[in-house]
Amino acid sequence: MQTRPADAFQVTQTHGILMRPEHRIVQSSDALGWHSLYASHQFERPYTARFDGRDDHLIIVHLSGPVRVERSLSGEQDQQRIAAGGLFVLPPDRDFGVSLLAPLETVHLYVRRSLIRAAAEELCKGDPDKVEFLPRLGERDPLIEQLARMACGMMADNQSDFFADGVARLLAAQIVRHHSTGLQAELPRITGLSHRQMEAVDDVIQERMEESLSIDDLAEAAGLSPIHFARQFKRTTGKAPHQYLIEKRVARARHLLAGDLSIAEIAFRCGFSHQEHLTRLFGRQQGTTPAAYRRALRL
């Protein structure tokens, strides 16, 4: 099932916290064309405000602390002293008020409602529209914290929508499993992908490497739902789909560097957003730059 919206996720679709003038944005995903996930890393200054509910799920991860935060939600007041790693989680359509009482470094993550519903449909028994999502203030979730830090690295690397979509799906599954009222369904046993399924995935990657691939594309090739595909793919390859795709793109770049195409053209043909993107990821995989690799081939 295709769950990715047509329009990229922008800050104007968020609650407005990030547009307040007292905050200093370090980096955000606005210019990266991400559809399923919005991410922003910032230093927030103390403020008090009320916000209208939005369509999508908000997760705030505190990178510093402890700091005292007050929240009003559905007529109830809550106050917590939140340590680094603590969460502020808000389901869709909930108006709320907040007071931040000291400076704070945070990552804000927004996950599309459609993606979380798709996760509930697959992971929970019964009607997914009846699953209720739980607001959080101060609780810890190591996986969500890890994914927030990963999103920061992805923004710094100008990673494509494919990688953001993978993180968004992991966040959606974690929200459904651990921050909702849903009764967990029995998941299919993790046995890995068949040889035929893996061949179909590799064929899609090779044929469409220049395009902006999605998890949905690879899952469809394997004949599985995106969440089930990610679990089975990791069992087969030992890698997340985005890691595997990077390796395939770098492998094609190595092959093309033996010819006469410019490095900028090679970056395009391998699905990198620009030459610098290729250079950065090629260096991590190979320990050298594409230009140095090409010179070594010609010695």
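Each value in this text was obtained by applying a stated rule to the coordinates, not by laboratory testing. In this text, all values refer to a predicted model and were calculated from it rather than measured experimentally. No Cβ is skipped: glycine too gets one built from the backbone with ideal geometry, and neighbour counts run over all protein chains shown.
Numbers at a glance
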{"quantity": "Cα long-axis angle, helix 241-256 against the chain (0 to 90 degrees, to the nearest 10)", "calculated": "30 degrees"}
{"quantity": "Distance between region 221-271 and region 7-57 - C-alpha centres, whole angstrom", "calculated": "30 Å"}
{"quantity": "The chain: calculated mean residue ellipticity at 222 nm from DSSP helix runs of at least 4, using -39500 (n - 2.57)", "calculated": "-12500 deg cm²/dmol"}
{"quantity": "Percent of Cα-Cα distances greater than 12 Å, calculated over region 195-238", "calculated": "57 percent"}
{"quantity": "Semi-axis lengths (Å, descending) of the ellipsoid that matches the C-alpha gyration tensor of the chain", "calculated": "37, 25, 15"}
{"quantity": "Folded to 0 to 90 degrees: helix 226-237 orientation relative to the chain principal axis, Cα", "calculated": "50 degrees"}
{"quantity": "FRET efficiency, T181 to L101 (Cβ-Cβ, R0 35 Å, nearest 0.05)", "calculated": "0.70"}
{"quantity": "In region 46-108, GluC sites (Glu not before Pro) in a DSSP loop with at most 15 other beta-carbon atoms within 10 Å", "calculated": "none"}
{"quantity": "Spin-label pair Q146/K130, simplified geometry with 7 Å Cα→Cβ offset, distance in nm", "calculated": "3.4 nm"}
{"quantity": "Within-13-Å neighbourhood charge of G271 [Cβ basis; K, R +1; D, E -1]", "calculated": "-2"}
{"quantity": "Linear extension gain, Q285 paired with L297, 0.36 nm per residue minus alpha-carbon span", "calculated": "2.6 nm"}
{"quantity": "Degrees separating the helix 113-123 axis from the principal Cα axis of the chain, which is the longest one", "calculated": "80 degrees"}
{"quantity": "Formal net charge of residues neighbouring L73 (Cβ-Cβ distance under 10 Å; K, R +1; D, E -1)", "calculated": "-1"}
{"quantity": "Two-decimal Rg/Rh across region 11-178, once Rg and the Kirkwood Rh are taken from alpha-carbon atoms", "calculated": "0.94"}
{"quantity": "Under 5 Å, built H, 5+ apart or other chain: amide partners of E105", "calculated": "E44, L63, S64"}
{"quantity": "The chain: relative contact order as a whole-number percent, Cα under 8 Å and 6+ apart", "calculated": "15 percent"}
{"quantity": "Rg and Dmax [Cα atoms of region 177-299; Å; Rg one decimal, Dmax integer]", "calculated": "17.5, 63"}
{"quantity": "Cα-centre dipole for region 104-198 with unit charges at Cβ (Lys and Arg positive, Asp and Glu negative), debye to 20", "calculated": "220 debye"}
{"quantity": "FRET efficiency, 1/(1 + (r/R0)^6) with R0 30 Å, evaluated for T48 and H274 via beta carbons", "calculated": "0.10"}
{"quantity": "With eigenvalues of the C-alpha gyration tensor scaled by 5 and rooted, region 250-297, Å", "calculated": "14, 13, 8"}
